Number of protein chains: 4
Amino acid sequence: MSKIAFIGLGNMGGPMAVNLVKSNHDVTGFDLSKEAMLSFERAGGKTATTAIEACDGADVVVTMLPSGKHVAGLITAEFIDNLKPGTLIIESSTIDPTTARSVALLAEAHDCLMVDAPVSGGTVGAQNATLTFIVGGADQALERARPYLNCMGKNIFHAGPSGAGQMTKICNNLLLSILMIGTSEALNLGVANGLDPKVLSEIMQKSSGRNWALEIYNPYPGVMDGTPASREYVGGFAVDLMAKDLGLAIEAGLQTHTTTPLGSTAFDLYKMWSEAGSGRLDFSSIIRFLNQKELQLS
Amino acid sequence: MSKIAFIGLGNMGGPMAVNLVKSNHDVTGFDLSKEAMLSFERAGGKTATTAIEACDGADVVVTMLPSGKHVAGLITAEFIDNLKPGTLIIESSTIDPTTARSVALLAEAHDCLMVDAPVSGGTVGAQNATLTFIVGGADQALERARPYLNCMGKNIFHAGPSGAGQMTKICNNLLLSILMIGTSEALNLGVANGLDPKVLSEIMQKSSGRNWALEIYNPYPGVMDGTPASREYVGGFAVDLMAKDLGLAIEAGLQTHTTTPLGSTAFDLYKMWSEAGSGRLDFSSIIRFLNQKELQLS
Amino acid sequence: MSKIAFIGLGNMGGPMAVNLVKSNHDVTGFDLSKEAMLSFERAGGKTATTAIEACDGADVVVTMLPSGKHVAGLITAEFIDNLKPGTLIIESSTIDPTTARSVALLAEAHDCLMVDAPVSGGTVGAQNATLTFIVGGADQALERARPYLNCMGKNIFHAGPSGAGQMTKICNNLLLSILMIGTSEALNLGVANGLDPKVLSEIMQKSSGRNWALEIYNPYPGVMDGTPASREYVGGFAVDLMAKDLGLAIEAGLQTHTTTPLGSTAFDLYKMWSEAGSGRLDFSSIIRFLNQKELQLS
Amino acid sequence: MSKIAFIGLGNMGGPMAVNLVKSNHDVTGFDLSKEAMLSFERAGGKTATTAIEACDGADVVVTMLPSGKHVAGLITAEFIDNLKPGTLIIESSTIDPTTARSVALLAEAHDCLMVDAPVSGGTVGAQNATLTFIVGGADQALERARPYLNCMGKNIFHAGPSGAGQMTKICNNLLLSILMIGTSEALNLGVANGLDPKVLSEIMQKSSGRNWALEIYNPYPGVMDGTPASREYVGGFAVDLMAKDLGLAIEAGLQTHTTTPLGSTAFDLYKMWSEAGSGRLDFSSIIRFLNQKELQLS
């Protein structure tokens, strides 16, 4: 049993913290929202009145915050000085790799360890402890983090040194957005030219068009049960979150002069779809933005 | 044993016709190239001096031609009138669905049957009889074609009525081009930001970035053996052929007012890469067009 | 005074035909719409019950039809055989250059002359006889057409041989769509970063960003009086018409393997904006599609 | 006569400083390059061994540096504390508006005045004192700067408060890049379809395609004398500089969630063209990147 501080008890962080409690760790949580704190207490967790108080005496600090600004604002030199030497920080927010690296350097300079460990799997994965963690950091830090990550998730990938977890997640989601839009374009084009979307999906999935979207997340309504497309794109991974991750990709591209023409177009499409009022729909709803005449919501 | 006419004995048609000969069919070939004819004779085939002569008394006519213009120029009303009633035409060129449909209608009006049966699998698949056929046409026509297709390939998909084979191939290749460019962008972005392309590829392939390119055709040099990327993009599926197929996709989109923004960008990139002198490289070489500083040929 | 047949009396053709009447020509009109015919009669024109009847004895035939299909369907060999030898055809529809050229060849083969003479200037220009004609055809044909064009418009450009009028209009409108979107992007970006759209417009118009949109058709609401932007994008040149012209540009690009990346994106944006329900708004409304949060209609 | 410090004596800064000398100001220059310093001395200027020394007793400090990092690195609180109270800083580098604003705030906090005053007009404009300045800052600061700007340039635009000069230049150059590519696409498309580029240019310039590129900077070789296109794109405004400015535009868009689809595509095209080895050619050479088959350099 370890003493764990968990900062950020939102839709993702809340159930993750609860899963640490269920694994018999001594978890003290903190969140700016009173409601999130109450909810965590009801699930058996302790709470503190400040983030620093939550970290008092902790062996491990887990953070799950909305953006890089929040992470850099929390994990300052002063904050780390209040931690026990040797404390492990598991930073699970999705943020830019530059911030992840600079915060990790700060932690190391103050005798702490940090891994960046962004997740995929959504709120369902957070609740069921089936998240995937993509981890950046030293082997040693990852090995210390592994037992805690195993309480909250199912798969752990080691992507490389500090920041590599964030960068890998950004690359994956860049590719995912392109797969989803590309799959949508192919299905729209086929249907407009008389093909059956199920038959077309099956053939492409057995051919060189094969990809994750065709396999388990088909964006065309009526083709696959249990997907957001089968429930009018409610739930799932929000358009706004995809737009956020694509923003991080474009920024990483700007800093390294990397050309990502399909990624730029994907970013524009997701931003425009969000502005059109669809920011909370699942990201596979982009097929409707491309085909507004046919794919009206009922 | 059937009497088969085979029109078009090029890099693809030649070995396909030979595979029909090896299955003990009586095959008469025709090609405008003397060399292609001689090569077919050496492999045990018969030849004729005109396409019409090759079709004399044939039960089955197979065509493998460069473009829709060639197909429409060959399979005219007059040509079909010279066939026996009930002749089966297997049209295996990759062409626009409109031409495929109009030629099939013409065939039916003259008491013949036709399937459009474009292939994937390249020259290696043609030689080893491991092609994939994506077939458009009536069930009955496909059932008649099936034994012959089985002599030349391994997988047969029934995509729908006349033209659906072509349309499905076009949709698949549209998606394939987008997967390949998207995978290239993600790998370039990751490497530019310090990631190892092998590790990144493995993690994305186990995550929602999973797709055919990561699985068996990784475009990044040094990541996967046996791919075009491992031999400086020689061989494989040419940039020019991908540009041709994307042109068919854009045309189908124009006719049906379908919006394919990533497809349009992919088409532009493949055209520009071809014009830059890389038309005969494998289509995965597009990663170099996006990253000319780092990925120079040796 | 010449005897003129005018086929197509719609929003553009109607007032153009009336302007020929006002110049004391003997004009017989035809349109499939009874209402259009009545309206032309009320304005002093004659009408006929078929297009061929309208052309009986005509010295000049003017056509103003919705698309290339309509033009090719009207101006057949049979149609031309019914004309007097030496009849001049002024084909003012906006259509693809290929159809324009083939119809012109047909006319010449039957001893008639043809110019393609697409217009710009909209319904206001049609009513006020201030249209611009962009003419393709032989010098001699243009010189015969000139007096009639002068009755309907103010500017006449000679773009080259048959089809060049259409092709030039297509190129101009391709560029126009790009100018309009580019101007919109620059204004949106400036305003989002705190600039005043009027000041920004003035400085760019005096700098290297200068273009027609900034000069007389500013898309940002409140910057310039008398523009569609000042009346919620009602009237002007419709999104759907721009999408149609861009479709002709993309088609011409496909046929000649020309790469137009900004044009492709512009086409996609105009199609999506049309599908979102804005097809009848002025094309400068595209600024709202790019900036839906800020630029709501009141 | 004022005492002026001029930091940054490169291709642009050098001749600008000389023009201040010619107007009888007492100018002390500084540059990290010895050669630049010698050249300025030969032209009648004084030099100092450090930037701070150059500023000793100065009434006005002019800076002309490569990027925002250099500007922020020079104009620190410490640097400003060494200036006389009331010193005017004219910051003429092209940098991001955020840095421009924060440096201006710093200056004001230490009782100095600053304007951001990026230029257009290139090295020729710098030499001939015909530059255009786009100024951000308070009216009072601009009025103090005006006499000095008049020594170096011809046009002065007041874009708004601090940072507005930079932001306006970024917006203008975003639009300029789009105009140039759009004009190139229209010309390429027309020529590929048989039009004469001169005639097409003239007609579009008199029509709604009118823009600065058609007016004085036609990218098509052979159409207009005295342009970079007429001398194989040597000289002019470099591809690399346009890519830099587009990077600033994309960054400003990222920070404000502004969608610039044509701008994103323009940025990608300029980066790729630069990576292909054309970074030092004039930016109108992008027409060749789009049309490599036809527009080879001789």
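Read the figures in this text as sums done on the coordinates, not as results from a lab. Quantities reported herein were computed from a predicted structural model and do not represent experimental measurements. Note that we place each Cβ from the backbone using ideal geometry, even for glycine, and neighbour counts take in every protein chain shown.
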* Asked: Please identify the GluC sites (Glu not before Pro) of region A:1-77 that satisfy two criteria: DSSP loop assignment and at most 13 other Cβ atoms within 10 Å. Which are they?
  -> none
* Asked: Mind checking the dipole of the protein assembly as shown: about its Cα centre, +1 per Lys or Arg Cβ, -1 per Asp or Glu Cβ, Debye to the nearest 20?
  -> 0 debye
* Structure fact -> With A:ASP225 itself left out, Lys, Arg at +1 and Asp, Glu at -1 over residues whose Cβ is under 13 Å from its Cβ give +2
* Structure fact -> CD proxy, 222 nm, chain B: helix-only mean residue ellipticity via -39,500 (n - 2.57) per DSSP H run with n ≥ 4, per residue, nearest 500, stands at -14500 deg cm²/dmol
* Asked: Counting only residues 5 or more places away or on other chains, whose amide H sits under 5 Å from the amide H of B:VAL62 once H atoms are built in the peptide plane?
  -> B:ALA5, B:PHE6, B:ILE7, B:ILE90
* Among A:LEU106, A:LEU200, A:LEU262, whose mean-square fluctuation peaks in a Gaussian network model of chain A (Cα, cutoff 10 Å)? -> A:LEU200
* Asked: Gaussian network model of chain D, Cα springs within a sub-10 Å range: biggest mean-square fluctuation belongs to which of D:SER201, D:SER162, D:SER93?
  -> D:SER201
* For D:CYS112, B:CYS55, what ranking results if the residue with the fewest other Cβ atoms within 10 Å of its Cβ goes first? -> D:CYS112, B:CYS55
* nm² value of the averaged projected area, convex hull over the Cα atoms of chain D -> 16.2 nm²
* Structure fact -> Karplus ³J(HN,Hα) for region A:58-66 (6.51 cos²θ - 1.76 cosθ + 1.60, θ = phi - 60°; Hz, whole; x = Gly/Pro) runs 6, 7, 9, 10, 10, 10, 9, 10, x
* Structure fact -> Under the Karplus relation with 6.51, -1.76 and 1.60 and θ = phi - 60°, whole-Hz ³J(HN,Hα) for region B:17-32, x at Gly and Pro, equal 5, 4, 5, 5, 4, 4, 8, 6, 7, 8, 10, 10, x, 8, 8, 5
* To do: For C:THR47, list long-range residues whose amide hydrogen, built 1.01 Å from N in the peptide plane, is under 5 Å from its own amide hydrogen.
  => C:GLY29
* Asked: Taking Rh as the Kirkwood radius computed over C-alpha pairs, what is the Stokes-Einstein D of region C:3-160 at 25 °C in a medium of viscosity 0.890 mPa s, expressed in µm² per second?
  -> 163 µm²/s
* **Alpha carbon Rg of the protein assembly as shown, scaled by the compact-globule rule 2.2 N^0.38 Å** => 1.03
* Footprinting exposure proxy for A:LYS169, A:LYS84 (fewest neighbouring C-beta atoms within 10 Å first) -> A:LYS84, A:LYS169
* Determine, for B:SER264, D:SER23, the number of other Cβ atoms within 10 Å of each Cβ, and report the residues in order from fewest to most. => D:SER23, B:SER264
* Asked: Measuring from centroid to centroid over Cα atoms, what is the spacing of region A:20-55 and region C:20-76 in Å?
  -> 81 Å
* Please compute the net charge surrounding A:THR50, taking Lys and Arg as +1 and Asp and Glu as -1 over other residues with Cβ under 13 Å from its Cβ. => -4
* Structure fact -> Taking Cα atoms, the helix A:261-273 axis meets the longest principal axis of chain A at an angle in degrees (rounded to 10) of 90 degrees
* Structure fact -> Inter-chain shielding metric for C:194-205, i.e. average beta-carbon neighbours from other chains within 10 angstrom, reads 6
* If you line up the Cα atoms of region C:215-261 on their principal axes, what length do they span on each, largest first, in Å? -> 41, 19, 13
* Treat each spin label as a single point 7 Å out from the Cα along the C-beta direction, and report the D:LEU38 to D:ILE52 distance in nm. => 2.8 nm
* Rounded to 10°, Cα long-axis angle of helix A:97-109 versus longest principal axis of chain A -> 10 degrees
* Asked: Considering only DSSP states other than H, G, I, E and B, which GluC sites (Glu not before Pro) in region A:206-256 qualify as loop sites with at most 14 other Cβ atoms within 10 Å?
  -> A:GLU232
* Specify whether the C-alpha gyration tensor of region D:167-289 places it in the rounded, prolate or oblate class, a ≥ b ≥ c being the square roots of the eigenvalues: rounded for a/c under 1.5, otherwise prolate if a/b is larger than b/c and oblate if not. => prolate
* Structure fact -> FRET efficiency (A:GLU78, A:ASP225; Cβ distance; R0 41 Å; to 0.05) is 0.20
* To do: Output ³J(HN,Hα) for region A:209-224: one whole-Hz value per residue in order, computed from phi by the Karplus curve 6.51 cos²θ - 1.76 cosθ + 1.60 with θ = phi - 60°, and x for Gly and Pro.
  => x, 3, 6, 3, 5, 5, 6, 9, 8, 4, x, 7, x, x, 8, 9
* Asked: Kirkwood-based Rg over Rh for region A:147-217 (C-alpha set), two decimals?
  -> 1.16
* Nearest 0.05, what FRET efficiency do A:ALA109 and C:GLU108 give at R0 = 51 Å with Cβ-Cβ as r? -> 0.05
* To do: Report, by chain and number, residues whose modeled amide H sits under 5 Å from the one on D:GLY160, excluding near sequence neighbours (fewer than 5 apart, same chain).
  => D:GLY137
